[in-house]
Amino acid sequence: MVPEILFLKQEDVIQAGLLDMKKILEATEKTFRLLGEGKVSNPPKVQLRMPEMDADDWDSYCMSMPSYIGGDEDVVGFKWASEAKANPSKGLPYGVDIVVLSDPHTVFPKAILDGTITTAMRTSAAAGVMAKYNARKNSKVAALFGAGVIGRTMIMAMMEVLPGLETIYMVDLDEKKAQALADEFKGTYHVVPCTDAQTALKDADVVVTETTAAKPFLKKEWIKSNATVIQMEAASYEEDVLTGADKIFVDNWAQLSHYNGTLEGKLYHEGRLNQEDVVEMPQMVVENLGRENDDEFIFCGTLGVGSVDILIANMLYKEAQKLGLGTKLTLWDNPLWV
Ligand SMILES: NC(=O)c1ccc[n+]([C@@H]2O[C@H](COP(=O)([O-])OP(=O)(O)OC[C@H]3O[C@@H](n4cnc5c(N)ncnc54)[C@H](O)[C@@H]3O)[C@@H](O)[C@H]2O)c1
């Protein structure tokens, strides 16, 4: 048996349906449900920082995010997720990812896919699932911080989950980037470019951060007392935004509490936040937990789990096979040693 690998470049995964946010939201929620039902293994990701592994600061990193998904998916794989701080100034994407899928029985690799757009879609979809369970149903205004790659898909995810949103403030230090995203969605959604956090937060029912900020820059007193706050990176919020919340939801406690540089990790190591204080997304989805009334202030934190990438990649792989997309590679003609 010759292991055949289907190589899917970015154009192929897009043709296989990756930009359909509704589908990606469903796949993301399904992954968290399977996690909650105990059908998924998702160990914490391993990050390799460069040039120095243990430095608080880094120029670039690569992360290995392995996962096995049982049930009707029956697939194993990992995402090799990478970020380089200097990339945007060179006109290159900040994050660059690939996904490898294997057969869990023979362990033969079966696909290698671009994972860069998958990351953007599934990251925003995870925020979308958080918003579905935790945002007030009558939410009218959202403030999104970071008009980068994830900022674009965040607009798509929020509008899909909260179609009643009338205004989205897109905040970035770089006015041109915020304006460019507002222009891109002109005529579809009401996106207002903004550089001032307090202006954007004044009426915001939902706040999402997807910036590359190195330090916290958002204060609790700027945010409405019954808002839903969703953090998609390490630490944009001052501590009391989290510690003052009525409810805290996270995607994966083990990962967030041990990852270098997260707000959750800092509070955990100081003995100020424990697992009993948070609800994880798998439990949130399976038990239908979330907002219980219109007065709660809810904090949601995610760092991203590899199983979502693997489930989405498997879905794209199956669709690509149906459509005859991609380039076929073989690992060997005959294995030298058996
Ligand atoms: N949780 C997850 O699963 C997950 C997955 C992928 C990426 N991320 C994180 O999302 C973030 C964004 O990634 P990206 O690929 O969109 O990056 P990007 O470089 O394309 O965009 C980031 C944007 O943030 C803006 N920014 C930086 N500091 C800011 C501040 N203080 N206020 C407002 N805007 C500010 C930058 O100007 C830039 O436009 C990164 O921190 C990344 O690590 C999270």
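A few notes on this one:
- Residue list for region 326-336, restricted to those being closer than 9 Å to Phe7 by Cα and assigned to a loop (DSSP other than H, G, I, E, B): Gly326
- Condition met for Lys132 (of a type in the set (Lys, Arg) and in a helix (DSSP H, G or I)): yes
- Residue among Ala214, Ala131, Ala204 that alone is surrounded by 19 or more Cβ atoms within 10 Å (Cβ to Cβ), out of contact with any Phe, Trp or Tyr (no Cβ under 8 Å at 6 or more places or on another chain) and small (Gly, Ala, Ser): Ala131
- Qualifying positions in region 239-293 - acidic (Asp, Glu), open to solvent by less than 70 Å² (accessible area, probe 1.4 Å) and free of Cβ contacts under 8 Å to residues at least 24 places away in the same chain: Asp240
- For region 294-325, the set of residues classified as in a loop (DSSP other than H, G, I, E, B) and either open to solvent by less than 10 Å² (accessible area, probe 1.4 Å) or on the phi > 0 side of the Ramachandran plot (or both) consists of Phe297, Thr302, Gly304, Val305, Gly324, listed by residue number.
- Val171 being within 11 Å of the ligand (Cβ to nearest atom) and at pLDDT below 95: no
- Restricting attention to region 77-116, the residues that are within 12 Å of the ligand (Cβ to nearest atom), open to solvent by less than 40 Å² (accessible area, probe 1.4 Å) and not polar (S, T, N, Q) add up to 6.
- One residue stands out among those in region 183-197 that are away from the ligand (no atom under 12 Å from the Cβ) and under 15 Å from Val141 (Cβ atoms): the one that is least open to solvent (accessible area, probe 1.4 Å), which is Val191.
- Any chance Ser41 is at pLDDT 95 or above and open to solvent by less than 40 Å² (accessible area, probe 1.4 Å): no
- Counting only residues that are buried (at least 23 other Cβ atoms within 10 Å of the Cβ) and either outside the structural domain of Lys202 (by TED's automatic domain parsing) or among the hydrophobic types (A, V, I, L, M, F, W, C) (or both), region 163-180 holds 4 of them.
The values are calculated or read from the model by the stated rules, or taken from the named source; none is laboratory data. The model shown is predicted, which means the values in this text are computed figures rather than measured ones. Here Cβ is always computed from backbone atoms with ideal geometry, including for glycine, and neighbour counts include all displayed protein chains. For the accessible areas, the whole protein counts, side chains as well, though only heavy atoms, and no ligand, DNA or RNA atoms are used. Shrake-Rupley method; radii C 1.70, N 1.55, O 1.52, S 1.80 Å.
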